[in-house]
Amino acid sequence: MTATNQFSLRRISLILRADWLENRRTWLYTAAALLIGWVLLQWGSFGIYSSSKVDNLFGLFGLIMLINYCRHVGRKLHRTKGNFLALPASNVEKYAAIILEGALFYLALLLFYGLAHLIVGLLLQAWVRPLPTVVGGATFGSVVTALFFSVLMLLSYVSFPKRPLLIYVGAIGIYTIINVCIMLHIGWESFSISFVTINSNPTGVTDSHDLAGINSTLFDAANRIMDASFAYVLAAATLALMYIIYIKVKELEHR
Amino acid sequence: MVNLNNINFAYRRNKAVLCNISLTLSQGTIYGLLGKNGEGKTTLLRILCGLLKPVTGECLSLGFTPFERQADFLQQIFLLPEEIYLPDVKARDYFDMYRPFYPSFSDEILRTCIESFDVETSAPLKSMSLGQKKKAAISLAMAANTPLLLMDEPTNGLDIPSKSAFRNLVASVMTDSRTVVISTHQVRDLESLIDAVVILDNHALILNNPLNEIGDKLIFRPVDETDAPLYSEPTPLGTMGVMANTTGEPSPVYLELLFNAAIRSKAQIQNILNPQNTLNK
């Protein structure tokens with residue numbers, strides 16, 4: 001068997017270059033439309049400027065960019081006579097190119113944000129915050145949550161050529177139901193235990209507060225543990241979803 | 001170069017597409033892969049380049065297991081599918097997109113192809129007709145200059161001068177280190193081009209022989225009532241037949257006649273061309 005190199009940065013850059021050559025016109029038009037839209041929305045409502053509005057606009061355009069990116073990936077993977085999967089590069093390289101493209105889309109979003117605010121700032125001769133709180137004040141948990149939902153959408157577009165957005169919304173619905181069920185279950189368990197504790201304690205004194213006066217019922221403890229571990233669980237789930245996407249890309253090549 | 005050993009393939013259970021295909025393709029040869037519609041020609045090409053995994057059997061292309069789709073392997077093969085997707089770019093950009101992926105890409109071959117096919121490089125591919133698109137795709141396939149070139153019905157959609165240009169181009173880019181497999185059901189397009197013929201029938205390989213060997217063992221000529229051909233068919237020039245070549249003189253091979261004879265008189269043709277295999281069976 002011949003020795004092979006499965007990963008080459010040069011080939012990844014060639015894949016990205018081929019993608020750029022193929023889609024540059026569409027991307028440039030879309031970018032121009034997004035930038036104009038952002039400037040108009042920001043400028044038009046500058047009088048009622050608030051940090052939440054900046055965040056909302058960032059979220060809105062982020063969602064538009066994300067949908068565009070996922071649609072682009074889904075389309076090139078599902079095009080049966082397409083060239084992307086036939087390119088002489090390994091699966092890992094093609095997958096890496098897809099992920100890198102996602103990072104580039106995100107960088108483009110930040111660039112649009114900066115440009116839109118620069119333009120609005122110049123037009124109104126006013127100072128504009130350099131970063132929205134969703135970026136500047138992002139915590140590990142919020143970054144992981146955003147990544148999880150982005151990767152979930154990508155998986156939806158990679159796995160389902162028909163109605164991927166609807167399936168994505170359905171997946172979010174299921175995710176919400178599971179979360180609510182877990183919270184209700186924990187709530188019910190802690191309520192039952194507290195009820196038993198109170199009824200079996202004739203003095204009526206409970207240990208629901210510790211010495212520092214912090215709530216320490218089982219429910220609160222569970223809440224704190226969940227809060228602390230939630231981001232890590234979600235990070236693990238994101239990695240698992242990314243692996244599934246890799247398997248799907250590999251599978252789609254062998255049609 | 002390519003070795004297939006007892007390959008079986010089915011898209012669905014109990015519906016075989018390829019049965020026990022054992023085949024060796026050598027360097028410096030142009031193979032014509034012939035077969036009726038749905039016999040598994042495209043499937044075989046897709047197995048050779050690793051887009052499909054055989055259910056059983058062993059496949060080695062250029063020393064690689066194709067299904068692993070390793071980058072080094074993919075750089076050495078080019079599959080030109082029957083239906084092609086071309087990006088919405090100018091022909092020039094199309095060539096630029098794929099040129100760096102192939103280490104042995106030849107600008108000289110590309111220039112020759114563009115001139116022979118009269119491809120307008122500044123025109124957007126989307127605005128081209130099917131034939132023009134096909135010519136651009138064939139130009140890229142040839143210029144990639146890969147050791148193994150697989151073409152599925154490349155002449156579909158080409159006009160008559162382009163078919164002739166295609167034959168000349170394939171012949172001109174051939175080297176001792178290249179193998180070209182052309183799958184088609186339009187056998188006349190391959191006449192005077194191929195060196196060997198591979199025929200699939202009933203999802204099995206019924207013939208894999210060099211044309212000169214076929215010409216040595218079979219004779220293709222007009223027949224009359226006194227002859228007892230293995231197969232004959234009426235043509236505008238009279239009845240043409242295939243017979244065992246007992247004269248020792250090499251005979252020109254009529255691909256269409258050979259194809260029909262191989263399908264209708266399978267056993268007799270195999271008996272003459274590959275007596276060893278027939279005895280083994």
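Observations on the model:
- Across the range B:77-127, the qualifying residues are those that are in a loop (DSSP other than H, G, I, E, B), at the interface with chain A (Cβ under 8 Å from one of its Cβ atoms) and not hydrophobic (A, V, I, L, M, F, W, C), and the one among them that is farthest from the chain's Cα centre (by Cα) is B:ASP88.
- Odd one out for A:TYR95, checked against (1) away from chain B (no Cβ under 13 Å); (2) modelled with pLDDT of 90 or more: (1)
- Among the residues of the range A:148-171, at least one is closer than 28 Å to A:LEU41 by Cα, surrounded by 14 or more Cβ atoms within 10 Å (Cβ to Cβ), modelled with pLDDT of 85 or more and touching a Cys at 6+ places or on another chain (Cβ under 6 Å).
- Filter result (under 16 Å from A:SER150 (Cβ atoms) and touching a residue at least 40 places away in the same chain (Cβ under 8 Å)) within the range A:226-247: A:ALA231, A:LEU234, A:ALA235, A:ALA237, A:THR238, A:LEU241, A:MET242, A:ILE244, A:ILE245, A:TYR246
- Pair list, Cβ < 6 Å and 6+ apart or interchain, from the range B:209-224 residues that are over 14 Å from B:TYR31 (Cα atoms) to residues that are β-branched (Val, Ile, Thr) and part of a helix (DSSP H, G or I): B:LYS217/B:ILE272
- Single residue of the range B:6-19 satisfying the filter (in contact with a strand residue (DSSP E or B) (Cβ under 9 Å, 6 or more places away or on another chain) and exposed (fewer than 15 other Cβ atoms within 10 Å of the Cβ)) that is nearest to B:LEU60 (Cα to Cα): B:ASN6
- Any pair with Cβ under 8 angstrom, 6 or more apart, that starts in the range A:1-20 at a residue that is over 13 Å from A:LEU87 (Cα atoms) and more than 8 Å from chain B (Cβ to nearest Cβ) and ends at one that is modelled with pLDDT of 90 or more and not in a loop (DSSP other than H, G, I, E, B): A:PHE7/A:VAL92; A:PHE7/A:GLU93; A:PHE7/A:ALA96; A:TRP20/A:TRP27
- Members of the range B:159-189 that are over 20 Å from B:PRO147 (Cα atoms), crowded, with 20+ Cβ neighbours inside 10 Å and touching a residue at least 60 places away in the same chain (Cβ under 8 Å): B:THR184
- Taken over the range A:58-85, the criterion of being in contact (Cβ under 8 Å) with a residue 60 or more places away in the chain, within 14 Å of chain B (Cβ to nearest Cβ) and either under 14 Å from A:ILE245 (Cα atoms) or not polar (S, T, N, Q) (or both) is satisfied by A:LEU77, A:HIS78, A:PHE84, A:LEU85.
- Candidate set: the range A:129-147, residues that are in a helix (DSSP H, G or I) and loosely packed, with under 14 Cβ neighbours inside 10 Å; chosen: the one modelled with the highest pLDDT: A:PHE140
- Odd one out for B:GLY215, checked against (1) of a type outside the set (D, E, K, R); (2) more than 22 Å from B:LEU34 (Cα to Cα); (3) at pLDDT 85 or above: (2)
- Every residue from the range B:35-47 that is surrounded by 17 or more Cβ atoms within 10 Å (Cβ to Cβ) and away from chain A (no Cβ under 14 Å): B:GLY35, B:GLU39, B:GLY40, B:LYS41, B:LEU44
- Residues of the range B:48-61 that are of a type in the set (A, V, I, L, M) and at the interface with another protein chain (Cβ under 8 Å from one of its Cβ atoms): B:LEU51, B:LEU52.
- Test: B:LEU52 is closer than 30 Å to B:GLU256 by Cβ and surrounded by 22 or more Cβ atoms within 10 Å (Cβ to Cβ): yes
- Test result for B:MET142, touching a helix residue (DSSP H, G or I) at 6+ places or on another chain (Cβ under 7 Å), crowded, with 19+ Cβ neighbours inside 10 Å and within 19 Å of B:SER177 (Cα to Cα): yes
- Of the numbered criteria (1) assigned to a helix (DSSP H, G or I); (2) more than 8 Å from chain A (Cβ to nearest Cβ); (3) farther than 25 Å from A:ASN91 by Cβ, the one B:GLY32 fails is (1).
The values are calculated or read from the model by the stated rules, or taken from the named source; none is laboratory data. It should be emphasised that the depicted structure is a prediction, and the values quoted were computed from it without experimental measurement. As a convention, Cβ positions derive from the backbone with ideal geometry for all residues, glycine included, and neighbour counts pool all protein chains shown.
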